[in-house]
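Working notes, structure below.
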């Protein structure tokens with residue numbers, strides 16, 4: 001049975017085909033992204049509306065998320081994708097507030113020395129910049145029901161998920177900090193550690209919360225008090241044994257807190273701000289995850305060539321003059337472009353969920369790598 005299109009439908013179909021032909025390799029959806037990138041059904045993005053300096057090397061970005069943003073629970077994080085030097089990089093940042101009436105979200109970024117993404121976000125992001133987003137995630141949140149006598153131990157940018165929880169419990173308005181009925185049962189102590197007072201992110205917010213009687217603040221600065229010794233924690237928080245601890249900060253501090261609390265049987269929830277450091281070298285073990293095969297590769301020859309020698313069936317059209325048939329997603333690791341020496345790095349939790357696609361015919365292992373193949 002044949003179907004005849006109505007004249008209006010025929011013209012619509014022809015117009016779409018003409019538009020697609022004229023924009024090849026782009027399609028009309030690509031142009032919609034230019035004019036309505038935050039629309040329903042589009043790839044999830046957010047538009048930066050304002051940038052507020054917090055310290056000399058930290059700034060808060062207020063972002064209008066796309067229509068498909070699903071919201072978040074205070075304490076959760078969002079993965080942000082930003083194109084730096086033509087490469088899309090992903091990093092996770094805590095949301096520094098509770099749900100907002102205007103639907104905006106905010107993250108606070110501290111520029112990491114020698115970092116690739118954080119200095120770009122802090123120093124070069126301007127209002128109007130589009131960022132790629134993923135939906136909020138993370139389990140470092142207050143229980144719906146449970147303990148109300150809490151201790152937050154934070155260090156550096158580890159304050160960011162905690163400030164989101166505190167702002168949700170005790171909203172700040174022009175008339176001051178609000179003490180809501182739902183926050184009345186909470187008894188909160190915050191031990192916040194920073195290198196110095198000027199480096200202490202959200203210090204003004206914490207002081208206002210303490211002045212309003214919402215929290216008790218114990219501020220510790222390395223240049224004044226020295227490095228925090230957990231042997232002193234009982235003196236700082238005399239009723240420690242009665243509190244449930246939420247800790248967020250660098251790995252060293254969290255390891256110490258974890259050992260301390262485990263030894264004493266104290267409840268603890270942690271969120272670890274530890275950047276995975278991948279040191280580039282010469283060669284390494286390339287793991288083909290789905291095949292369950294490890295191949296020891298030297299750093300002077302392409303991964304494609306060495307994997308084939310080891311008996312791995314590799315996709316490739318290079319020898320037939322068909323480019324990009326050898327591309328595979330790298331979920332973790334470092335490779336070096338044999339033509340330019342440029343390094344490409346994939347870090348779990350920071351790289352996009354699909355990994356970074358690399359050409360195995362021109363890249364050599366520069367350390368252990370995991371390829372989705």
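The values are calculated or read from the model by the stated rules, or taken from the named source; none is laboratory data. These numbers were taken from a predicted model, which means no experiment stands behind them. No Cβ is skipped: glycine too gets one built from the backbone with ideal geometry, and neighbour counts run over all protein chains shown.
Of the residues contained in the range 104-118, none is found to be assigned by TED's automatic domain parsing to the domain that holds residue 209, assigned to a loop (DSSP other than H, G, I, E, B) and modelled with pLDDT under 95.
Each row is one residue, and each column tells you yes or no for (1) in a loop (DSSP other than H, G, I, E, B); (2) buried (at least 21 other Cβ atoms within 10 Å of the Cβ).
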site: 131; (1), (2): no, no
site: 143; (1), (2): yes, no
site: 152; (1), (2): no, yes
site: 158; (1), (2): no, yes
site: 161; (1), (2): no, yes
site: 166; (1), (2): no, yes
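Considering each residue of the range 175-186 in turn, none proves to be buried (at least 21 other Cβ atoms within 10 Å of the Cβ) and modelled with pLDDT of 90 or more. In the set 171, 147, only one residue is over 28 Å from residue 63 (Cα atoms), touching a residue at least 60 places away in the same chain (Cβ under 8 Å) and surrounded by 13 or more Cβ atoms within 10 Å (Cβ to Cβ); that residue is 147.
Selection of the range 173-209 for residues being farther than 20 Å from residue 248 by Cα and either over 29 Å from the mean Cα position of the chain (by Cα) or part of a strand (DSSP E or B) (or both) yields 173, 174, 175, 176, 177, 178, 179, 180, 181, 182, 184, 185. Counting only strands (runs of 3 or more DSSP E) that sit wholly inside the range 3-91, those with at least 1 residues that are modelled with pLDDT under 90 are 77-84.
In the set (1) buried (at least 17 other Cβ atoms within 10 Å of the Cβ); (2) in contact with a helix residue (DSSP H, G or I) (Cβ under 6 Å, 6 or more places away or on another chain), residue 219 fails one condition alone, (2). Take the residues in the range 116-143 that are free of Cβ contacts under 8 Å to residues at least 12 places away in the same chain and farther than 19 Å from residue 169 by Cβ; name whichever of them is farthest from the chain's Cα centre (by Cα). For the range 116-143, the residue satisfying everything is 124. Take the conditions (1) modelled with pLDDT under 95; (2) surrounded by 14 or more Cβ atoms within 10 Å (Cβ to Cβ); (3) over 14 Å from residue 166 (Cβ atoms); residue 234 misses just one of them, which is (2).
If you check 138, 176, 156 for being under 23 Å from residue 222 (Cβ atoms) and out of contact with any helix residue (DSSP H, G or I) (no Cβ under 7 Å at 6 or more places or on another chain), only one passes: 156.
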